[in-house]
Amino acid sequence: VQFHFLNGTENNYAGIAKVYRQYLIDNYGLTSNDQTNTVQLTAEFLGAFDRKNFFLGVPYTSLDSLTTFEQALTIIDELEARGITDLNVNYLGAANGGLTNHLYDRNTIPSVLGGASQFRLFNQTLIDRNIPLYQNVNFVSTKSYRGILDQNLYNTKRIRGSESLLYGYHYPSLLPGSETNFTGDTNQFLLSPLYYQSLYNAFNKEAVTPGLSLNIIGSQIVSNHEFNNTIYKQDALIIQKEFLGNISQDIMISNPLGFAIPYASRFDNVPTETTLVGLIDYPVPFMQLVLSGFRDYTGESMNLSSNRSPQFQFLKALETGSNIKYTLSYESSQKLLNTQHNQYMSTHYVNWLDIIESQFQTLNDMNIASGYLVSHERLANNVYKVGYSNDLEIIINYNLFSVIVEGITVEGVDYHITRGAS
């Protein structure tokens, strides 16, 4: 147990974030690798997905494509033509069953995306253009097993002895799919932490990209209550740390836990809101105050929220010092109707190019990326003031009506720069 006493201007949650960041530096070797001076885009592409078809009344599952590798290059070309040249790519559904993944003991690239040769060509093209590429991989859960004995061998167990599952959710009701009348099984099997390394070793023999974005690893801990092979969460955490240290590729982690921060160079889906239960007055960007200036990070995809506008998400980027993330597809996301992936219903890239361009122009004009987040203060209900190391200061108003704070009128769902913009 350690005690750190905060005094004066450091006696606030921004000061606590500095102490925690120093703890990561001293104990986990955290170093700064955020050297960017312009805003970055994380372009998350949707690749192959599974759909149910029928032949003579007999159902079967086949793969279809939302974004082939050639189509992904077309999107990148259009983004760069609009001046968005600082970007990285996270490719979802690029292997092993697409968005509903099978066991990642190999790297089987679907032919509907172009196959393995096209994926290698796509990867080399992005290397030549200095665009980091991350293939999304999942060593923690699987939709199905291949071998007859695999399920008994790989799967974690609950205390009663039944197999552990990663539950899929019915998005309209926010209930587990098993508790609704929704047809289709969206649950996945959870793998024992003992097999993460062996699965990665097998996958790595066929790995293509210089970067990997990890599902669940680094953001959640999976234990195993098998009677003769119990793995408690603290043991599973140690296994994950060793596993992260053995990955040879550059790593992107989604919504990281503290122990995983030093192992990755980039983070996405870092939360910008909290569960506003009665105990909590308002959210603070604690993780962003820790990471800013040390790692590049984004919030959730700006175009996937069903109850928040892109303008609200843009204000959150200003408040938290986040880069921008969009989940995009070349084909219309209407192709996902009547599939298990209809949470991606607003990804058609042509609908977002103008908004992305406008947001990047605005952020780069205010020179926000040349500094890092250093202060955060609540001025009134849903009104915040943030400060950056380059003397940029912004007041953000999330209310639907205008407010007057510090003698300044800030319009509803808008911001006002008080100092420091270029």
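The values are calculated or read from the model by the stated rules, or taken from the named source; none is laboratory data. Owing to the predicted nature of the structure, the values given are computational and were not obtained by experimental measurement. With ideal geometry, Cβ positions are generated from the backbone for all residues, glycine too; neighbour counts draw on all protein chains shown. With ligands, DNA and RNA removed, areas are computed over all heavy atoms of the protein, side chains included. Shrake-Rupley method; radii C 1.70, N 1.55, O 1.52, S 1.80 Å.
Kindly check whether there is at least one residue in the stretch 18-32 that is modelled with pLDDT under 95, crowded, with 22+ Cβ neighbours inside 10 Å and within 24 Å of the chain's Cα centre (by Cα). The answer is no; no qualifying residue exists. Looking only at residues in the stretch 1-17 that are modelled with pLDDT under 90 and β-branched (Val, Ile, Thr), which one is surrounded by the fewest Cβ atoms within 10 Å (Cβ to Cβ)? In this case the residue turns out to be VAL1.
Pairs please, first residue from the stretch 229-242 and more than 20 Å from ALA264 (Cβ to Cβ), second anywhere and polar (S, T, N, Q), Cβ atoms under 6 Å, 6+ apart in sequence or on different chains. Every condition considered, the pairs that remain are ILE231/SER223; ILE231/ASN224; TYR232/SER223; LYS233/SER223. Filtering the stretch 152-165 to residues that are in contact with a strand residue (DSSP E or B) (Cβ under 7 Å, 6 or more places away or on another chain) and over 11 Å from HIS225 (Cα atoms) leaves TYR154, LEU165. All of ASN136, ASN181 fail the test of being in contact with a Gly (Cβ under 9 Å, 6 or more places away or on another chain) and either polar (S, T, N, Q) or over 20 Å from GLY97 (Cα atoms) (or both), apart from ASN136. Scanning the stretch 85-117 for residues that are open to solvent by less than 20 Å² (accessible area, probe 1.4 Å), within 20 Å of the chain's Cα centre (by Cα) and either among the aromatic types (Phe, Trp, Tyr) or more than 22 Å from THR186 (Cα to Cα) (or both) gives LEU87, ASN88, VAL89, ASN90, TYR91, TYR104. All of SER173, SER178 fail the test of being open to solvent by 30 Å² or more (accessible area, probe 1.4 Å), assigned to a loop (DSSP other than H, G, I, E, B) and at pLDDT below 90, apart from SER173.
Any idea how many residues of the stretch 33-84 are out of contact with any strand residue (DSSP E or B) (no Cβ under 8 Å at 6 or more places or on another chain), open to solvent by less than 40 Å² (accessible area, probe 1.4 Å) and modelled with pLDDT under 95? Summing the residues that are out of contact with any strand residue (DSSP E or B) (no Cβ under 8 Å at 6 or more places or on another chain), open to solvent by less than 40 Å² (accessible area, probe 1.4 Å) and modelled with pLDDT under 95 in the stretch 33-84 gives 0.
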